[in-house]
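> One structure follows; several queries about it will come next.
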Amino acid sequence: VNALYEYMTEMTDILLQYEGVLDSYEGDSIRGLFGAPNTYDDHAVKACLAALDMQARLDVLNAEWDREGKPVMKTRIGLHSGTTMVGNFGSRQSENFSAIGDNAHIASSMEALNGIFGTHILISGATYKAAQNAVEAYEIAAIRIPVSPDPIRIYEVVARKGEMDDTETEMVSLFKEGYTLLKEG
């Protein structure tokens, strides 16, 4: 519980640092929004950079916890950009600021797909288009999600633009080559 509290605090600090808004804590997950309620043009970039910083901070925390003999954690982050309904939702007894609708569902699906692909940060094609000049990412699949009539291209975010190390560069190059061969049959 103490480690989870520390993790949630650290990740929320990063979310807020990048002008994200805390939507809610759901079990051991954090749900955040970028670009709402206040709009700003670079919401996708800020979300991707926050995700990278979260992953880097978790690596540091995990190293500390491992040295102390404590369990380490994994995180999965999913991002999608699109128009959605935001506001205070709930009941007369309790409500909170949140996002609902198909685009919110797609973002949640991006997070869950990390478990299938063995990745840490997945973004949709819409987010990639808006953030591609700020991050290193590569397409890993085009998938169908029930709320979308068309397949959604998904990308793994690896690093800030120009900051991939040699291992990441080689991995991305090999994956792109294999993915191209797969698409060509």
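> For segment 147-165, name all the residues that are at pLDDT below 95 and acidic (Asp, Glu).
Hits for segment 147-165 are 150, 165.
> Same structure, new question: Can we say residue 7 is at pLDDT below 95, part of a helix (DSSP H, G or I), aromatic (Phe, Trp, Tyr) and touching a Ser or Thr at 6+ places or on another chain (Cβ under 9 Å)?
Values: at pLDDT below 95: yes; part of a helix (DSSP H, G or I): yes; aromatic (Phe, Trp, Tyr): yes; touching a Ser or Thr at 6+ places or on another chain (Cβ under 9 Å): yes.
Spelling it out, residue 7 is indeed at pLDDT below 95, part of a helix (DSSP H, G or I), aromatic (Phe, Trp, Tyr) and touching a Ser or Thr at 6+ places or on another chain (Cβ under 9 Å).
> Could you tell me whether residue 105 is open to solvent by 50 Å² or more (accessible area, probe 1.4 Å) and at pLDDT 90 or above?
No, not satisfied.
> Moving on. Exactly one condition in (1) open to solvent by less than 50 Å² (accessible area, probe 1.4 Å); (2) under 16 Å from residue 98 (Cα atoms); (3) in contact with a Ser or Thr (Cβ under 9 Å, 6 or more places away or on another chain) is not met by residue 25; state its number.
Status for residue 25: all satisfied but (1).
> Which of the residues spanning segment 158-170 are under 20 Å from the mean Cα position of the chain (by Cα) and open to solvent by less than 80 Å² (accessible area, probe 1.4 Å)?
Residues of segment 158-170 that are under 20 Å from the mean Cα position of the chain (by Cα), as a first pass: 158-164, 168.
Within segment 158-170, 158, 159, 160, 162, 164, 168 qualify.
> Right, another one. Pick out the one residue from 49, 79, 4 that is aliphatic (A, V, I, L, M) and surrounded by fewer than 18 Cβ atoms within 10 Å (Cβ to Cβ). Steps first, please.
Values: 49 fails: surrounded by fewer than 18 Cβ atoms within 10 Å (Cβ to Cβ); 79 fails: surrounded by fewer than 18 Cβ atoms within 10 Å (Cβ to Cβ).
Exactly one of 49, 79, 4 is aliphatic (A, V, I, L, M) and surrounded by fewer than 18 Cβ atoms within 10 Å (Cβ to Cβ), namely 4.
> If I go through segment 92-102 residue by residue, how many of them are open to solvent by 40 Å² or more (accessible area, probe 1.4 Å) and over 16 Å from residue 148 (Cα atoms)? Write out each step before concluding.
Here is the first cut: in segment 92-102, the residues open to solvent by 40 Å² or more (accessible area, probe 1.4 Å) are 92-97, 100-102.
Within this subset, residues satisfying the condition of being over 16 Å from residue 148 (Cα atoms) are 92-97.
Total satisfying the criteria: 6.
> Under the condition of being at pLDDT 90 or above and among the hydroxyl-bearing types (Ser, Thr, Tyr), which residue from segment 59-86 is farthest from residue 15 (Cα to Cα)?
Looking at the filtered set, the residue picked out is 81.
> Restricting to segment 109-146, give me the number of residues that are of a type in the set (A, V, I, L, M, F, W, C), open to solvent by less than 30 Å² (accessible area, probe 1.4 Å) and modelled with pLDDT of 95 or more.
Residues in segment 109-146 being of a type in the set (A, V, I, L, M, F, W, C), open to solvent by less than 30 Å² (accessible area, probe 1.4 Å) and modelled with pLDDT of 95 or more: 7 in total.
> Sticking with this structure for a sec: Can you tell me how many residues in segment 1-37 are free of Cβ contacts under 8 Å to residues at least 60 places away in the same chain, acidic (Asp, Glu) and within 14 Å of residue 104 (Cβ to Cβ)?
Total meeting the criteria: 1.
> Next question, about the same structure. Among what's in segment 108-157 and is of a type in the set (D, E, K, R) and within 23 Å of residue 184 (Cα to Cα), pick the residue that is farthest from the chain's Cα centre (by Cα). Break it down stepwise before answering.
Within segment 108-157, the subset of a type in the set (D, E, K, R) is 111, 129, 136, 139, 144, 150, 153, 156.
This time we only want the ones that are within 23 Å of residue 184 (Cα to Cα), so: 139, 144, 150, 153, 156.
On the way: 139: 15, 144: 18, 150: 21, 153: 15, 156: 9 Å.
Filtering segment 108-157 for residues that are of a type in the set (D, E, K, R) and within 23 Å of residue 184 (Cα to Cα), the one farthest from the chain's Cα centre (by Cα) comes out as 150.
> So residue 60 fits all but one of (1) in contact (Cβ under 8 Å) with a residue 24 or more places away in the chain; (2) under 19 Å from the mean Cα position of the chain (by Cα); what number is the exception?
So residue 60 meets the others, but not (1).
> Taking the criterion of being touching a Lys or Arg at 6+ places or on another chain (Cβ under 6 Å) and over 23 Å from residue 158 (Cα atoms), would at least one residue in segment 22-36 satisfy it?
Here is the first cut: in segment 22-36, the residues touching a Lys or Arg at 6+ places or on another chain (Cβ under 6 Å) are 23-24, 34.
Now narrow it down to the ones that are over 23 Å from residue 158 (Cα atoms): 23-24.
Taking every residue of segment 22-36 in turn, at least one turns out to be touching a Lys or Arg at 6+ places or on another chain (Cβ under 6 Å) and over 23 Å from residue 158 (Cα atoms).
> Does residue 56 satisfy the condition of being under 23 Å from residue 16 (Cβ atoms) and modelled with pLDDT of 95 or more?
Numbers: under 23 Å from residue 16 (Cβ atoms): yes; modelled with pLDDT of 95 or more: yes.
Against the criterion (under 23 Å from residue 16 (Cβ atoms) and modelled with pLDDT of 95 or more), residue 56 qualifies.
> Right, residue 89: over 17 Å from residue 30 (Cβ atoms) and either loosely packed, with under 11 Cβ neighbours inside 10 Å or modelled with pLDDT under 90 (or both) or not? Please lay out each step first, then the result.
Details: over 17 Å from residue 30 (Cβ atoms): yes; either loosely packed, with under 11 Cβ neighbours inside 10 Å or modelled with pLDDT under 90 (or both): yes.
So residue 89 passes the test.
> Return only the number of the condition from (1) closer than 16 Å to residue 158 by Cα; (2) open to solvent by less than 30 Å² (accessible area, probe 1.4 Å) that residue 62 does not satisfy.
Only one criterion is unmet by residue 62, namely (1).
The values are calculated or read from the model by the stated rules, or taken from the named source; none is laboratory data. Please read all numbers here as calculations on a predicted model, not as lab measurements. For neighbour counting, all protein chains shown are included, and Cβ atoms are generated from backbone atoms with ideal geometry for every residue, glycine included. Protein only, heavy atoms only, side chains kept; ligands, DNA and RNA dropped before computing areas. Shrake-Rupley method; radii C 1.70, N 1.55, O 1.52, S 1.80 Å.
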